[in-house]
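Asker: Sharing a structure here in structure tokens format.
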Amino acid sequence: MWPPVRHPFQVSTFVAFTAIGFGFYGNPGVAIGSFLAGPWLYVWVTILFASGILGLIASMTAVSQEDVSLLTERIALVGAGSFCVLWAFAIFSLSHFHAVGGIIIFLGLATACWWRLRQVQKRVAWKKRRAAR
Amino acid sequence: MSGRDWLAFVVVPIVTVIVSSGILVALLRLPSDRRQMAASTEHEKASTADILTGKALEMVDRAQDEAEEANIRAREADQRAQAAERTAGEARAEASGARLQAAEAVRVSMECAAEVQRLTMARDAYIETIHAYETWILARHPALPSVARPE
């Protein structure tokens, strides 16, 4: 079963990613700022910001246009999940296990993104198979 | 090259290139993927319409069957009601006959009681007459024959 709903957790998470990505353009924070240097920082901040925007588009079109929602959510989850993994590495690189709480949070977020990505990809593949019949 | 340098100059760039190129490719393929998936959405809508139509037809058939069964049950109930009315009529006739017979029996018993009373009074009158004759006979001291049983 695939209920096409506008999930509040999804909306709030991508709002947070969008806001953090926008904020990182001005002040990337200690962990990310020390882990990434030069252009790589702005590439990743752009990835995070774009993922947030695409995730919000996915949430808004979840009920009316499932196809657009699934495809944009797929891209948003790849970007957001990758950034969360990167952020966990950045925290570990800066503080090692002194900030284990932060590491766990971002690894948990990354796990959630990849798990959801698997669900979305299964649904996309199913719809493509049905169309091909 | 230290671990941190390895991470900063090799791993991060490679991962960055992989992730950003993957995102760009997915964005570029979005219209074609959407076209592929739109065909399945139409197929789903058609299937849903077929299923709903099929379900509606099933519901109509079921409603017709139930209406027919209800008619049969109504007819049977009417027949049972008519039979019950006939039975009730026969029972009422039987009850009225029984009441007439009871009234007749009461009348006959009353006539019998009256007859018994009349005969009793007649018997009493005859007994009084017999006593009167006995008294008259005994007053004249006749020689009465012996009625003793022979031994």
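The values are calculated or read from the model by the stated rules, or taken from the named source; none is laboratory data. Bear in mind that the values here come from a model prediction, so they are computed numbers and not experimental data. Ideal geometry is used to build each Cβ from the backbone, glycine not excepted, and the neighbour counts take in all protein chains shown.
Asker: Determine which single condition B:Ser146 fails, assuming it passes every other condition in (1) exposed (fewer than 10 other Cβ atoms within 10 Å of the Cβ); (2) at pLDDT 90 or above; (3) small (Gly, Ala, Ser).
Answerer: Failing condition for B:Ser146: (2).
Asker: Answer yes or no as to whether A:Ala58 is touching a helix residue (DSSP H, G or I) at 6+ places or on another chain (Cβ under 9 Å) and touching a residue at least 40 places away in the same chain (Cβ under 8 Å).
Answerer: The answer is yes for A:Ala58.
Asker: So which of B:Ala46, B:Ala39, B:Ala26, B:Ala84 ends up being away from every other protein chain (no Cβ under 14 Å) and either among the charged types (D, E, K, R) or surrounded by 10 or more Cβ atoms within 10 Å (Cβ to Cβ) (or both)?
Answerer: Exactly one of B:Ala46, B:Ala39, B:Ala26, B:Ala84 is away from every other protein chain (no Cβ under 14 Å) and either among the charged types (D, E, K, R) or surrounded by 10 or more Cβ atoms within 10 Å (Cβ to Cβ) (or both), namely B:Ala84.
Asker: Moving on to the next point. For A:Gly102, work out the one condition from (1) more than 10 Å from chain B (Cβ to nearest Cβ); (2) of a type outside the set (Phe, Trp, Tyr); (3) within 22 Å of B:Leu30 (Cα to Cα) it doesn't fulfil.
Answerer: It is condition (3) that A:Gly102 fails.
Asker: Determine which member of the set A:Gly38, A:Gly79, A:Gly26 is within 11 Å of chain B (Cβ to nearest Cβ), more than 25 Å from B:Arg34 (Cα to Cα) and not aliphatic (A, V, I, L, M).
Answerer: A:Gly38
Asker: Name the residue, out of A:Ser34, A:Ser59, A:Ser64, that is under 29 Å from A:Ala99 (Cα atoms) and polar (S, T, N, Q).
Answerer: A:Ser34
Asker: Any residue at all in the stretch B:65-79 that's within 14 Å of another protein chain (Cβ to nearest Cβ) and not charged (D, E, K, R)?
Answerer: no
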